[in-house]
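Working notes, beginning with the structure itself.
The values are calculated or read from the model by the stated rules, or taken from the named source; none is laboratory data. Nothing here was measured: the structure is a model prediction, and the numbers come from that model. With ideal geometry, Cβ positions are generated from the backbone for all residues, glycine too; neighbour counts draw on all protein chains shown. Side chains are part of the model used for accessible areas, which takes the heavy atoms of the whole protein and leaves out ligands, DNA and RNA. Shrake-Rupley method; radii C 1.70, N 1.55, O 1.52, S 1.80 Å.
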Amino acid sequence: MNKKFLDLGYQPLANRYLNSYRKLSIKKNELYKLSVGFNTKTKLVSLIKKIPDKKMFDDSYPYKSSMSKTMVQSFKNLSKQIKRKFNPKIFLEIGSNDGTLIKNFDKKKVVCVEPCSNLARITKRMGYPTFDKYWNLSLAKEIKKKFNYIDVIYSANTLTHINDLNEVFKSISLILSKNGILIIEDPSFLECIKKVSYDQFYNEHIYIFSALSVEKLISEFNLELFDIEKINTHGGSLRYYIKRADNNKIKIKSTVQKQKSYEIKFGLNKYSTYKKFANNVKDSRNNLIKIFKKLKNMNKKIIGYGATAKASTVLNYCNINNDIISYFLDTTPDKSNKFMPGKNIKIIKYDKKLLNKVDYIYLGAWNFKNEIFKKEKAFIKNGGKFITHVPFPKIINK
Ligand code: JHZ
């Protein structure tokens, strides 16, 4: 049973950056109720109201992994690891985005799946076979006809965006070779709870995985976890290594039991933990607003850094407008000169010089804090400070 534990109010689509500001309306389906539930049986955390994929992932999807050096490096390291450990004849990536990962692989050995055709065009142009379609059973059949079985399937921050998880894993199971490996990578719900990073919830993140929920989900499809790696990307993610349950050649590592025990010890199997998290979220909102108001009363100039989907949740949940945050800086060309979803805050193309006139920066991309602090050493040296809400609202300069 899916028990609601968190209500983040009405929210716009997180990656829908508008050319000009206008108040969005619930009636016109521009704002959607964002509330989150915990399934006490399957341990899966999911949005209560799900938005059709086609509304969210179209031919103008702005997010590009290559915009953050941390992701470029993380994918480069992963590609080396995959080649060394598994040496796949054919490697399939579900949600290949702008090709940040697959560009590290041989063109003849890769198949890309990417439903946002503006992104799919990029990997096609790079010479990689790309299906600009949603991942489902009919696509898996089409790929199988052309490429036969696949040795390694990889998907980062994508499967949690697909409504029908049963179809997702059924399709994977159909195409994965007998000794094949599935690797999935997504934000860890345990980290999300620990960091009170409620901004991991927005309409695209239909699910937030834990080892407990993934194990249950895949077991229906004769799939089994054999290793779990903790990684730092996107605020703390888990990389799940999965094999066919009847493949006894691969030993199950202790990391699987360790992560599950850790999650149980923390209470991820109990509804009361989720209610506590929801209370922490309310406190986080109140304290963040207090910080902003105090600084504005002192006439400080505050801007945002990293026009993330996550920031869209925070701004709309805390009702923060341009009287508090003057504008957001972001390196993504497709976000420039647009407005933060649902808010009158403009996004300006990143330009270091603009920071000379700024007192405080709100970290929309708090998950890239290290990368950003390295880049903005001069701002910090000149007395500039950052505001973050993770793990609790505070002002920081290191
Ligand atoms: P970032 C997106 O979420 C959406 P977002 C999606 N649903 C998902 O799951 C995750 O990604 C993986 C900018 N930036 O990665 C670039 C700078 O401007 O936290 C990006 O616009 N300067 C697919 O949007 C944004 O910040 C910098 O120095 O929450 C980062 O977005 C750096 C490092 C980033 O994901």
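Ordered from highest to lowest accessible area with the whole protein assembly present and a 1.4 Å probe, Lys83, Lys144, Lys258 read as Lys258, Lys83, Lys144.
Once backbone amide H atoms are built at 1.01 Å from N, Leu44 has Asn39 as its partners under 5 Å, excluding neighbours fewer than 5 places away on the same chain.
Under a 5 Å amide H cut-off, with hydrogens placed 1.01 Å from N, Tyr32 pairs with Gln11 among residues at least 5 apart or on other chains.
Surface exposure of the stretch 176-238, expressed per residue as accessible area with a 1.4 Å probe, stands at 25 Å². Stokes-Einstein, applied to the Kirkwood radius of the chain over Cα pairs at a viscosity of 1.306 mPa s and 10 °C, places its translational diffusion at 73 µm² s⁻¹. About the centre of its Cα atoms, the stretch 66-155 shows a dipole size close to 360 debye [charges on the beta carbon of Lys, Arg (+1) and Asp, Glu (-1) only; nearest 20 debye]. For Arg16, the accessible area of its heavy atoms, probed at 1.4 Å with every protein chain present, is near 90 square angstrom. Solvent-accessible surface of protein heavy atoms, probed at 1.4 angstrom with all chains present, puts Asp151, Asp164 in the order Asp164, Asp151, largest first. In order along the stretch 360-366, the Karplus-derived 3J(HN,Hα) couplings, from 6.51 cos²θ - 1.76 cosθ + 1.60 at θ = phi - 60°, round to 9, 10, 7, 7, x, 9, 4 Hz, and Gly and Pro are given as x. The value given for the stretch 95-173 is a Kirkwood hydrodynamic radius of 12.8 Å, derived from the mean inverse Cα-Cα separation. Rolling a 1.4 Å probe across the protein heavy atoms gives the stretch 1-149 an accessible surface of 51 Å² per residue.
Along its principal axes, the stretch 117-265 has C-alpha extents of 46, 38, 26 angstrom, given from the largest down.
Here the accessible area of the chain is 50 percent carbon and sulfur, with a 1.4 angstrom probe and all protein chains present. Average accessible surface for the stretch 257-398: 48 Å² per residue, computed with a 1.4 Å probe over protein heavy atoms with every protein chain in place. Across the stretch 44-57, computed HN-Hα scalar couplings (Karplus, 6.51 cos²θ - 1.76 cosθ + 1.60, θ = phi - 60°) run 8, 9, 8, 5, 6, 9, 9, 9, x, 3, 4, 6, 9, 10 Hz from first to last residue, x flagging Gly and Pro.
Eigenvalues of the alpha-carbon gyration tensor of the stretch 1-118, scaled by 5 and square-rooted, set the equivalent ellipsoid semi-axes at 34, 21, 13 angstrom, largest first. Using only Cα coordinates, the Kirkwood hydrodynamic radius of the stretch 179-288 works out to 15.0 Å.
If you wrap the stretch 242-281 in the convex hull of its Cα atoms and look at it from every side, the mean projected area works out to 4.0 nm².
Altogether, the Stokes-Einstein calculation at 20 °C and 1.002 mPa s, with the Kirkwood radius of the stretch 312-366 over Cα pairs as Rh, returns a diffusion coefficient of 183 µm²/s.
For the stretch 68-73, the Karplus equation 6.51 cos²θ - 1.76 cosθ + 1.60, evaluated at θ = phi - 60°, returns couplings of 10, 4, 4, 6, 4, 5 Hz by residue, with Gly and Pro reported as x. With helices as the sole contributors, the chain gives -10000 deg cm²/dmol at 222 nm; each DSSP H run of n ≥ 4 counts as -39500 (n - 2.57), and the sum is divided by every residue.
Multiplying each eigenvalue of the alpha-carbon gyration tensor of the stretch 249-354 by 5 and taking the square root yields semi-axes of 37, 21, 12 Å, largest first, rounded to whole angstroms.
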